[in-house]
Structure formats: structure tokens, C-alpha cells
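Beneath this line is the structure, given in C-alpha cells, with notes to follow.
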Amino acid sequence: MLRELPPIKVDALVIGHGASGLMAASALASQNNNVLVVGKGATATSMSTGCISYIRKDILRQERGAIDLEALARSVHPFNDIMERGSLALEEVLLQVSSFFQRSLSDQGLEMTDDAFHFFDMLTNAGTMYSCSIAPSFTASGRLDRLREGSLALLGIEGHRDLDPRLVAAMCAGHVDGVRVRPYWRKLDCMGHGGMTATEAAARFKNGGTQELIKTISDLEEDSVAIPPLFGLQSVHKGMSELCSESEKNVFELVTPMSLPGLRLQDAMERSAVGHGCHLMKNHLVTRLEVKRERAVSALIETPTRRQAVSFNSLILATGDLVGGGLALAGREVVDPFSTFKVGWFGKTEPLPGQTRYDAAMRQVVEAGYLVTHEMRLMTKEGRPFENAFGAGSTLASFSFPTGVGLGGELLTAWIAAEYAKEGS
Amino acid sequence: MAPFANRCIKCDSCQKACPVVTIEGLRSFSGPRGLAVDSSRFPEDAEALRDNLYKCTACFRCGDVCPARLPLTGQIMALRRSIFAKDKALGGHARILANIDQHRRSIEPAARRPEAKPSDAKLLYFPGCIAENRLPIIYQSTASLLTKGKAAFRVPERWSCCGAPLEKVGDSERLRLVREENLRFFDGFERLVTSCPGCTTHFIQDYGLEPLHTIELLYEVVGVRKLPALPSHRKVKVALHQPCHLARTVGQHVIDYAAEILQRLPGVRLVEMEDADRCCGGGGGVVAGHPDVALALAKAKVESAKRAKADLIVAPCPFCVMNISRAGGVETVDFTNFLDARLK
């Protein structure tokens, strides 16, 4: 049934086309490696907020505004070892990865502001607080410390699901001190009838809605205006700067997951990877890995009707967590779908104080993932590190609990994996 | 039914990716999740979805973005099979069924058709209904390219529609009939090549054959990249449309082949078109069943090409060429036609 295509050979094979896969691929390709990225399905990146945070909630309690690197290192298991015995300094890696990331995205028309060493607070479209380190400039202009002592209009557009201004106003009443917040519902002719997804709205908005929106915004009396995401990657910078300059107000997007911001980040990262020279095969599934002792040798890539063998010098596994399909469940146990690498977790099997047995079991499942060395090398089932296979991103153990820790760790591990994978190829 | 629906993680990726949702909105179209996942919990209500079910263009984009890897399009086609009844078929679909019964083609045959020359070549060329009866230029260009590449071929003396349109209508009875006929007519070939990605996919998935799409044959076997090209053609900016069944079921490599072949032609510049892999509306029996939806999608495709400042859309699929041409605005030609005119 499946037709075999002639086999190919690459320097590095990256499985997974989310943030960590594309980051590792770009990093390798920018050093003249021949890189193939294979991915299938919607990535978690495309559903994310499109912002990057390197932090977990427990690190935020440190000195405000700055990130405690030691707490960061303690928080995720592979980082522990990096600090203790790795040859890379976490601080330096953070600097390199964020500047490479920001430069690559800026080439694709997505300006990201601030650095990996600080964080700031913004409002989400649910009215909750969101802390992150790197965000698109048109989102970051809504950071709460800049809004203090000012007034903020929440502008909902009828039919657009991403921003319900009344909900946000009610939710944020408690924790946004010193900002006068007022909700507005407005109807735009260009949007037609209501009840549409953000992508649909963006498609309708493309046909000349900016002027109408500028007029609506100018009529508001507040000096800052929050709007739902309305532009795709191609038009977002032009659109948002037009809104700001023409209305002479600070117009910004609220932090919005499961919508255009995530899709924009995904789009920009894909373009950037291709720009660095990667070959990107979306809609393909890696169905088999061939391993000889501690070396991964080749893989089989499949579409519904075709099959192709790829041999490689190094392999980066960035397939995502259990929900994303990078890991599999067998009964109550999390297992490696390739039946090759070691999977495990770092927590305690006994329930923590106040936890039920069910909580502990659940946490164990969610926290499990691939185990790696401090060089991000995957391990055989017996625990011997691989020479040329690396893991990156949320597929690693302890990366998916608690959920929603931001894409920073994904980029960081991908960068380290690429750094050591280079030596192999 | 339930395990399928329960594997959905409700992320809405399919709804965002669905081209028909962008055209119709979620008020008048349920989208892949509504059709394939939610409705499977209420199989007795499938009849009420009849109109909705036939708006799907079977572009496979939903299944491709699905993180849970649910075969959403397959599920929609299964629902179509479950509610199929000849007397309830939409106008265009009833015509397809009548044409199959009468001529063994999915469309009304043209008065003059390209003639099949008898030969004992082991390479079988299956032109498909459109390339034979609506766009014979595809038939002629393919024949010419194969001749230029010194690949001896023959067209079966008799053949029936591959059955892909019947699959989309949901008629499994006629589907079985044409499959059995074709397997008889195809006797004694070593390799099968098709113009239409729909036929290619259908031969693989329904017949269990191993056909090649024309581009695969030209690239892998004929070695079209080594054929000499005509010099000094006028400069042309080309947007390469990615037909759904070619890019998603046959495989992305065919699109890579096509792009590589085009880039080598003198005077040709490929321009990047937004959403190049978005369905043009030509598939899934939507042209016959809901022509308004098909036309709106074709118009969106032409708009993308215009924004990319393309002079020409090249589409490696007869159905796509036909449907995008209906929208007008930017000239649309078939891949083989475009290539043949530029090779010596």
C-alpha cells in the first residue's frame, strides 16, 4: 500500500515543529547544517499566548521584576545539572537564546521586546494577570506598570469572541490598582454578522476595517485602548502601528491564548526556520526509529500514502507532551511511543501533605516525560546516554507540570540540545 | 463511535484550519468538529446534517492540524455513506450518478475526446474524467512530456471513473462497481500514472494499487529536470497552488518536486502565496453540491495570488484548475501544460 520514496540523508533530523523543534532546527541550520524538520498536527505553540516566559510561579516571588536564575535552575530537572556540572553557564545560554530568537522573529516581521532576565505583568482576555519576559511589542505596550495612573478602555467588537470587555473589567477590578478601566462594546460594519472565530474575523478585517476601527478608537476618551487580536502575521505591525499613530492612543492587544497570537508565533518561527535553510515537512509522521547501541541511525517518515527513510548524524526529539501526542499512555503508565528511550519522572510517589492518592497519581502522569542528561542527551531504557539523540521542550520529564509555564524552557532546552548536537554532525 | 469522539481534546484547531468555516462562518456550517466529533454522539440525527455534510471539501486540513490525530475527514465521509440515498442526492450529485450509470464518467463526456492509441507499453496513463473531457490540454501535455522523456505509455482502451467522486457522494454500491471494472481494464501494467491527485489517492486507498502522480513520474523516473528547456521565454511570476490531495495525502514531497522543476525553467519566478495549501473549493463534491461555496473558496485563492502579485497560478490538479478558473481574475493553468510549453 505505502510506496517507498528514495531514502535521504541529512545532518540533523528534528521531530516536532513546535517552538522547541523549530528553535533547535534554526540554531543548527544557521551553522550550515542540513536540517530536516518533520511534524504533524497543531502545535502547543500555535495555541499559546505567543509570549515567552522563562519562569514558574515560584520564581516570581523573588525580587520583583528580575528572574532568580538559581531558582530557575532548581525548577526543572535538566537545568539542575547544567548549573552543577555542565560546561554551559545558564546566564550566557539565556542571553544567546533570547537574542537569537528575537533577531530571527524580527526578520519575519514580529518585533519582540524585553529580555529573558526580567518579567512584567499584563492582562489576559479573561481579566487575569499574566507574567512574561518576552512578548510582541504591540502586546507588551499594555504592561500594567506602564498603564498606572492612566485610564484604559477595553474595546470589545461585536461578534468577536476573543474579548468580552465586561468580563475583563469585572475580573480585573481587584488587582489592577491605579488604572481606571472601562468596558465598551462596539459594532464594526466590516465584521458583518457575529459569532466568528478569530481567524474568520481577521479574514473579514483584512478587507479594509482599519479606518473604521481608527475612528471608533479615536472617539473613546481613555488614553490606552485594549483590543482583541485582529491581524495575521503579515499585517500585524503595519496594522497596529497605524491604529496607534492615527488615533494618538496607546492601542494594544490583550494576552490571548488559543487565538491569533499563537498562530502568529508559529507562523513566524516556521518562516524563520525555512529562512535559515531548514527543510520543513509538515503533515508527516515519524513512525519508526532505528537505533544501534547508543546511536540513533535512521527514521521512517510517513504520509497516508508514502513512506521515506531518513538517515541522520544527530536526532532532536521535540514531540511535545502527553496531551500533544509526544508521549503515549499504556494503562496508567506514560511510555515512549518509539519504545527506545527512557521515560520517567522526578516527583515523590507518596502523596504530598494535603494531596490524595489520586492527585499524586495524576501528577505523576502529567510530570512524566523523557529523561535526559545535562547535555539533553536522551537515554536508553537501561539509562545509558545516547551519543547523538537529544530531547527538547515539553516532551522532557517535569516540563508539563504545572501546565502553562511559558515557552522559555522549550527554547532553552532546544538551544542546549542544538549546541551539543552540532558537535555530533 | 464514542471512543472516537472522546479522543477530541476540544482545542478548535480543526475549526480554525477549515477553509469552509472561513467562508460560511459557524452559523451556517458546523465545521469539522461539529460534523465529525459532536455529531457522532448523535448518529440518529445525521440526516439533519445532510446539507452541512456536503459542504466539506474533503481537503484533509482538519485532520492534519488535529493534535489528537483524529481522521476527521474520513469520519465525515463515513457519515455521508450512512445517509446516502439516490433520491435525496443534491442536484449536481444526482448528475454525477446518472453520468456514471450512462457513460462511466463522473461528467458528461465531450463530443471529441483524445484517442487512445493501442500499444503494449507497461506504463499505464490514467487521465481521469476532467483531463479527458473538460481540459484535454492536460491529457495532450502529459502525453507530450512522456514522449519527450522517452517513456512509452498507453491509455487503457476502456476505463471507468476511478470512483473518487462517488466516495465523496457516499455511494458505496457504484464505487464497488467501477473498482471491479477498472481492475479488469487495467490488466497487465507495471506502473500506473495519473493526472489527478484525487485519482492517485483513490487508487491507493480504495484499490490498494501503487500509482504515481504525473509529477512523481516526471521527477523520479523520467528525469524531467535533465530535459532541455526553451530559452528566453517572457518573465512570469508564478504562484504554485498546493492541491489538497497532492500535498496532504500523496505527500508534501510532490509539491517540493513541482517547485524545484518550475524554478529551473528560464524566466519563471515562484512567488509565495499566502495559504498556498488552502483548498480551492474544487474537492469533496462541493463544486457539484454547493457551487456557491466552491466559488467563494476559488475567489479567496485568486485574491491570495493577487496579493502575492502573481501573473499566473499553476495548479498540478485538473479539478483545481477548473474550479479556480471559474473565479477568474488571475489566469490558472495546469502544471503539465505550463511545463510542456517550456520544454524543447
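Details
- Qualifying residues in segment A:144-157 (those that are surrounded by fewer than 19 Cβ atoms within 10 Å (Cβ to Cβ) and under 29 Å from the mean Cα position of the chain (by Cα)) - the one nearest to A:H118 (Cα to Cα): A:D145
- Among (1) assigned to a helix (DSSP H, G or I); (2) within 25 Å of B:P243 (Cβ to Cβ) - the single one B:S106 does not satisfy: (1)
- Evaluated against (1) in contact with a Lys or Arg (Cβ under 8 Å, 6 or more places away or on another chain); (2) in a loop (DSSP other than H, G, I, E, B); (3) facing chain A (nearest Cβ under 10 Å), B:R278 falls short on exactly one condition, (3).
- Flag if B:Y207 is of a type in the set (F, W, Y) and closer than 27 Å to A:G39 by Cβ: no
- Extreme residue, farthest from the other protein chains (Cβ to nearest Cβ), among residues of segment A:2-57 that are at positive phi and of a type outside the set (S, T, N, Q): A:G50
- Exclusive hit being of a type in the set (K, R), free of Cβ contacts under 8 Å to residues at least 40 places away in the same chain and under 20 Å from B:H213 (Cβ atoms), set B:R113, B:R154, B:R134: B:R154
- Of the residues making up segment B:246-260, those that are more than 9 Å from every other protein chain (Cβ to nearest Cβ) and either surrounded by fewer than 24 Cβ atoms within 10 Å (Cβ to Cβ) or without any contact (Cβ under 8 Å) to a residue 24 or more places away in the chain (or both) number 4.
- Subset of segment B:65-76 that is surrounded by 20 or more Cβ atoms within 10 Å (Cβ to Cβ) and part of a helix (DSSP H, G or I) - its residue that is nearest to the other protein chains (Cβ to nearest Cβ): B:V65
- B:A305 of a type in the set (A, V, I, L, M, F, W, C), outside any strand (DSSP E or B) and farther than 30 Å from B:A89 by Cα: yes
- The listed residues are B:R33, B:R41, B:R50, and the only one of them that is basic (K, R), in contact with a Cys (Cβ under 6 Å, 6 or more places away or on another chain) and either surrounded by fewer than 19 Cβ atoms within 10 Å (Cβ to Cβ) or at pLDDT 90 or above (or both) turns out to be B:R33.
- Options B:A36, B:A48: the member that is of a type outside the set (D, E) and touching a Leu at 6+ places or on another chain (Cβ under 7 Å): B:A36
- Restricting segment A:283-320 to residues that are outside any strand (DSSP E or B) and within 12 Å of chain B (Cβ to nearest Cβ), the residue that is farthest from the chain's Cα centre (by Cα): A:T305
- Scanning segment A:252-282 for residues that are surrounded by fewer than 17 Cβ atoms within 10 Å (Cβ to Cβ) and more than 13 Å from chain B (Cβ to nearest Cβ) yields one hit, A:G277.
- Within segment A:302-326, being modelled with pLDDT under 85 and either touching a strand residue (DSSP E or B) at 6+ places or on another chain (Cβ under 6 Å) or on the phi > 0 side of the Ramachandran plot (or both) holds for one residue alone: A:G325.
- Of the residues making up segment B:201-227, just one is among the charged types (D, E, K, R) and outside any helix (DSSP H, G or I), namely B:E210.
- Single unsatisfied condition, B:A327 versus (1) over 25 Å from B:N52 (Cβ atoms); (2) free of Cβ contacts under 8 Å to residues at least 40 places away in the same chain: (1)
- Of the helices (runs of 4 or more DSSP H) entirely within segment B:1-64, those holding at least 1 residues that are under 24 Å from A:M191 (Cα atoms) and away from every other protein chain (no Cβ under 14 Å) occupy B:50-53.
The values are calculated or read from the model by the stated rules, or taken from the named source; none is laboratory data. Please read these numbers as outputs of a predicted model, since none were measured by experiment. Because the Cβ atoms are built from the backbone with ideal geometry, glycine has one as well, and the counts that use them run over all protein chains shown.
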